[in-house]
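The values are calculated or read from the model by the stated rules, or taken from the named source; none is laboratory data. It should be emphasised that the depicted structure is a prediction, and the values quoted were computed from it without experimental measurement. Cβ placement follows ideal geometry from the backbone for every residue including glycine, while neighbour counts extend to all protein chains displayed.
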């Protein structure tokens, strides 16, 4: 009997906390497994909101095409007859073509404005991709946390089952009352209930991830990853700030909008100069003159040139220039504020990573090793009859609570790194987001 109990206790001692952090085991060969880079790539390609925003590029392209077009020429037709006034022999026919010519380089300046708007759109798209990467990474690590918690509850169930077997053997040997076996049954049921809750949370998190990925309903590929990827931050705060100011697409977008503001001002100033309209006309006039009872008919052919231009007496586009300058000033203020906010965000994210690393160091160096030792000693003491079952139950609860805290700390560290990479708009391991 003692040998049997000792063997079961040994199986309680073998699993360590580090085995809980292993990646998801391989499934059947036909099951597709996606790592984080693949999940991000699929999300960037299939996310519904991002695809809709990409389609808006056609609007900007159309604006650029419109800005480069010349005004359409105008065709004028004119005809007249004297039949209604008793001069049926008199009539006229005129045909003309006029064309408006853009002065002061308006066409080129409109093209510049359209190009700046297209540039701003490209940076806005890059910023949306950056934000999507952050959201996908966060939900991915949420799923990894849920999977590791599920494995932790599985270990809890296994330990409680083994503890129940030990109590049954000791009860049969007359070493303990039946109450201790009932307590072991309660702990087993409680751990099984906890597993149901954790599994439900995992399903919900995976559903959110698949929504970001734009997967159709019913498609649920396996996700492969780990919370502890051995990442180490090797850049200081000053370098990270410099990277953020150089790489952040939202700042680039504001800079493009500021450049567009300059182009808007230049265009508005040129709009104060009116356009010239030039026309060419051909006219045929038939006249009749009666002299001494004899009607003489005459036909004249005329070719004329017409030039017209509004006189900028009252409206010299003062309102347009004022509006363009106000928009540029607003954009410049937003750019200044955004630059300050980016620097502050980098400082906050960098501090969060350092704090998360400190918490993890405490777990790894002091808490987890000591907790493992305490659990082993308590289990062995119960096997020898030196402590009661409540001590074992309490120590197991403490072990799993702290283990869950360790998983939470790993998750918090990963989220802090994700936020830092998104804030800097750079993959810390290399590459621009």
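Checking each residue in segment 172-193 for being assigned to a helix (DSSP H, G or I) and buried (at least 17 other Cβ atoms within 10 Å of the Cβ) picks out 180, 181, 183, 184, 187, 188, 191.
Looking at 341, 355, just one residue is assigned to a helix (DSSP H, G or I), in the same structural domain as residue 245 (by TED's automatic domain parsing) and closer than 26 Å to residue 120 by Cβ, and that residue is 341. Per the conditions (1) surrounded by fewer than 20 Cβ atoms within 10 Å (Cβ to Cβ); (2) in contact (Cβ under 8 Å) with a residue 24 or more places away in the chain; (3) assigned to a helix (DSSP H, G or I), the sole criterion not satisfied by residue 108 is (2).
Restricting attention to segment 214-239 and to residues that are under 16 Å from residue 37 (Cα atoms) and outside any loop (DSSP other than H, G, I, E, B), the residue that is nearest to the chain's Cα centre (by Cα) turns out to be 223. Against the test of being in contact (Cβ under 8 Å) with a residue 12 or more places away in the chain, assigned by TED's automatic domain parsing to the domain that holds residue 186 and closer than 23 Å to residue 402 by Cα, the options 132, 164 yield a single qualifying residue, 164.
Within segment 258-271, is even one residue within 23 Å of residue 344 (Cβ to Cβ), at pLDDT 90 or above and touching a helix residue (DSSP H, G or I) at 6+ places or on another chain (Cβ under 9 Å)? Yes - at least one qualifying residue is present in segment 258-271.
Being free of Cβ contacts under 8 Å to residues at least 40 places away in the same chain and more than 16 Å from residue 40 (Cβ to Cβ) is the filter here; which residues of segment 397-428 pass it? Result: 397, 398, 399, 401, 402. Among the residues of segment 366-400, those that are modelled with pLDDT under 80 and loosely packed, with under 13 Cβ neighbours inside 10 Å comprise 366, 370, 373, 384, 385, 386.
Is it the case, given these coordinates, that residue 365 is touching a helix residue (DSSP H, G or I) at 6+ places or on another chain (Cβ under 8 Å) and without any contact (Cβ under 8 Å) to a residue 40 or more places away in the chain? No, not satisfied.
Against the condition out of contact with any strand residue (DSSP E or B) (no Cβ under 8 Å at 6 or more places or on another chain), assigned to a helix (DSSP H, G or I) and within 29 Å of residue 226 (Cβ to Cβ), how does residue 203 come out, does it pass?
Yes.
Would you mind stating whether residue 149 is modelled with pLDDT under 85, surrounded by 16 or more Cβ atoms within 10 Å (Cβ to Cβ) and either within 29 Å of the chain's Cα centre (by Cα) or part of a helix (DSSP H, G or I) (or both)? For residue 149, the condition - modelled with pLDDT under 85, surrounded by 16 or more Cβ atoms within 10 Å (Cβ to Cβ) and either within 29 Å of the chain's Cα centre (by Cα) or part of a helix (DSSP H, G or I) (or both) - is not met.
Which condition number in (1) touching a residue at least 40 places away in the same chain (Cβ under 8 Å); (2) within 22 Å of the chain's Cα centre (by Cα) is the one that residue 262 fails? The number of the failed condition is (2). For segment 322-331, the set of residues classified as surrounded by 14 or more Cβ atoms within 10 Å (Cβ to Cβ) and under 11 Å from residue 262 (Cα atoms) consists of 324, 325, 327, 328, 331, listed by residue number.
On inspection, residue 360 fails the criterion of being part of a helix (DSSP H, G or I) and either free of Cβ contacts under 8 Å to residues at least 24 places away in the same chain or crowded, with 19+ Cβ neighbours inside 10 Å (or both). Residues to consider are 100, 117; find the one that is crowded, with 16+ Cβ neighbours inside 10 Å, in contact with a helix residue (DSSP H, G or I) (Cβ under 8 Å, 6 or more places away or on another chain) and touching a residue at least 60 places away in the same chain (Cβ under 8 Å). The conditions single out 117. Considered as a group, the residues in segment 67-78 that are assigned to a strand (DSSP E or B) and surrounded by 10 or more Cβ atoms within 10 Å (Cβ to Cβ) include one that is nearest to the chain's Cα centre (by Cα), and that residue is 74. All told, residue 286 falls short of being surrounded by 14 or more Cβ atoms within 10 Å (Cβ to Cβ) and outside the structural domain of residue 85 (by TED's automatic domain parsing). Just give me the residues in segment 377-432 being closer than 22 Å to residue 143 by Cα and touching a strand residue (DSSP E or B) at 6+ places or on another chain (Cβ under 6 Å), in sequence order. Listed by number, the list is empty, since nothing qualifies.
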